[in-house]
1. Can you tell me which of (1) closer than 22 Å to Lys48 by Cβ; (2) assigned to a helix (DSSP H, G or I); (3) β-branched (Val, Ile, Thr) is the one Val364 doesn't meet?
2. Under the condition of being crowded, with 18+ Cβ neighbours inside 10 Å and of a type in the set (Gly, Ala, Ser), which residue from the range 186-202 is farthest from the ligand (Cβ to nearest atom)?
3. Considering only residues of the range 361-377 that are of a type outside the set (A, V, I, L, M) and without any contact (Cβ under 8 Å) to a residue 40 or more places away in the chain, which is nearest to Gly410 (Cα to Cα)?
4. Quick test of your reading of the structure: Leu211 fulfils all but one of (1) surrounded by 18 or more Cβ atoms within 10 Å (Cβ to Cβ); (2) touching a residue at least 40 places away in the same chain (Cβ under 8 Å); (3) away from the ligand (no atom under 13 Å from the Cβ). Name the failing condition by number.
5. In the range 390-448, which strands (runs of 3 or more DSSP E) lie fully inside it and hold 3 or more residues that are in contact with a helix residue (DSSP H, G or I) (Cβ under 7 Å, 6 or more places away or on another chain) and either touching a residue at least 60 places away in the same chain (Cβ under 8 Å) or under 23 Å from Lys336 (Cβ atoms) (or both)?
6. Report yes if Glu283 is surrounded by 16 or more Cβ atoms within 10 Å (Cβ to Cβ), outside any helix (DSSP H, G or I) and in the same structural domain as Lys158 (by TED's automatic domain parsing), otherwise no.
7. Can you pull out every residue in the range 114-127 that is hydrophobic (A, V, I, L, M, F, W, C) and surrounded by 20 or more Cβ atoms within 10 Å (Cβ to Cβ)?
8. Considering only residues that are of a type in the set (Lys, Arg) and in contact (Cβ under 8 Å) with a residue 12 or more places away in the chain, which ones fall in the range 1-11?
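The values are calculated or read from the model by the stated rules, or taken from the named source; none is laboratory data. Just so we're clear, the structure is a prediction, and the values are computed from it rather than from any experiment. Cβ placement follows ideal geometry from the backbone for every residue including glycine, while neighbour counts extend to all protein chains displayed.
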Amino acid sequence: MKLSKYFLPVLKEVPAEANIISHQLMLRCGMIKQTTAGIYSWLPLGFKVLKKIEEIVHDEQIKAGHIPMLMPTIQPAELWQESGRYDDYGKEMLRIQDRQDRNYLYGPTNEELITDIFRSNVSSYKDLPLTLYHIQWKFRDELRPRFGVMRGREFYMKDGYNFDLNEKDAINAYNRHFVSYLRTFNRMGLQAIPMKAETGPIGGNYSHEFLVLANTGESTVFFDKTLLDMDTDQGKLNYYQSRDIEKIVERFTKPYARTEDTHDENLFMEVPEDCRIESKAIEVGQIFYFGTKYSEPMKAFVVSPDGKRVPVHMGSHGIGVSRLVGAIIEASHDEKGIIWPEPVAPFFAGLINLNYRDDECIKVCNDLYEELGANGIEILYDDTDERPGAKFAKMDLIGLPWQIVVGPKGLAEGKIELVYRRTGAATLFTVGEVLEKVSTAHKALLEA
Ligand code: 5CA
């Protein structure tokens, strides 16, 4: 993409309404624009990151054997009256009437809708286990929307729902989600720690939240430091070897780790003092097992192997896809701007032409742009007539993993500069060497 043809409305000033770094950086980089309180437009750069995160979420869900689909944002009130949540959910639910005065709502979550789809189509244990998921916009009329996309009113969420014959199978599904979530966040460069959590308006018996440590986080967490040293990339897995998956869950749930709501000071005191950590954190995902809470009132029954009609056991599993954009920035930035982990970076490299009037610079930049592009590498080429200082500052701000800098002085010696944004390390190479280094780094990313 040539910057002269792109839409990247970078702001010079720190916007007054933003008081945490991720929100400031997202506004300054022209990633989002607030439409009204807690509702944002995703501008091209932000939209690219959102889609990269979404792709990783899909990939790991499909690897775990879960099936993607898409449900609507608007749901009929009747389904929520059946489960009893239409009245329970309170003011966070946005209620809507159509021209015939029929009641609808903008979905804050989808347990009822998916249970309705299930009961209309599945009636035998032979069709289980089944896990369906979608990634769709949600609306919750939060009392205090704040911190940009971190606590929006409209937000993008992955929500998955498992249907199983009994509690044991449903716990296997819970464990699959647990392990797939560890991997999902790991692939985005995040260390998300699973912690025992309260179930809130979703209800149920067990729940874990996945939290990324950050002093701007809204949750308070208490945990054993040894969790920070545990590797969340589990290598190749067979998700249907239930015992193997369960062992991973056991390993991660053994050390003390709880959110404020479930915190037990006496148990926490049993953790050696130098391992006790209390911190602020951002909740990026949550999983629930709630048995027959929805299937019983909504009559989602299957015929069991011994011929009885039994309500299915269910759980639901969410990832805050839009919140993750903010969480990743909170975890990965410096005083100059964002430092994108490669798998979610909007472009793999930025290309800076220091003299837009110099024929040789233009030719080298165009050749690099064409050749890297032909190798499937996304490049943002700053071909504008801005001054070099402004170009450097902009590239640092938007934080692409690599920067390629082409200027007349270097070219006179046959060299251009390659900068690694995370460390700031800058080295002079020939054009051929830069092509090779960037292509090799990109290949490593694809193979990871
Ligand atoms: N039905 C269940 C699981 S699908 C559910 O709704 N879970 S949840 O309430 O925990 O939401 C799932 C994830 O969505 C959260 O972990 C959080 O990362 C994200 N989320 C929740 N509320 C917001 C919000 N107001 N703004 C941005 N992300 C949010």
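1. Answer for Val364: the failing condition is (1).
2. Ala192
3. Step by step, filter the range 361-377, then rank; the result is Lys363.
4. Only one criterion is unmet by Leu211, namely (3).
5. Once the strands (runs of 3 or more DSSP E) in the range 390-448 are filtered for at least 3 residues that are in contact with a helix residue (DSSP H, G or I) (Cβ under 7 Å, 6 or more places away or on another chain) and either touching a residue at least 60 places away in the same chain (Cβ under 8 Å) or under 23 Å from Lys336 (Cβ atoms) (or both), what remains is 402-406, 416-420.
6. Against the criterion (surrounded by 16 or more Cβ atoms within 10 Å (Cβ to Cβ), outside any helix (DSSP H, G or I) and in the same structural domain as Lys158 (by TED's automatic domain parsing)), Glu283 qualifies.
7. Answer for the range 114-127, where residues must be hydrophobic (A, V, I, L, M, F, W, C) and surrounded by 20 or more Cβ atoms within 10 Å (Cβ to Cβ): Ile114, Phe118.
8. The one that is of a type in the set (Lys, Arg) and in contact (Cβ under 8 Å) with a residue 12 or more places away in the chain: Lys2.
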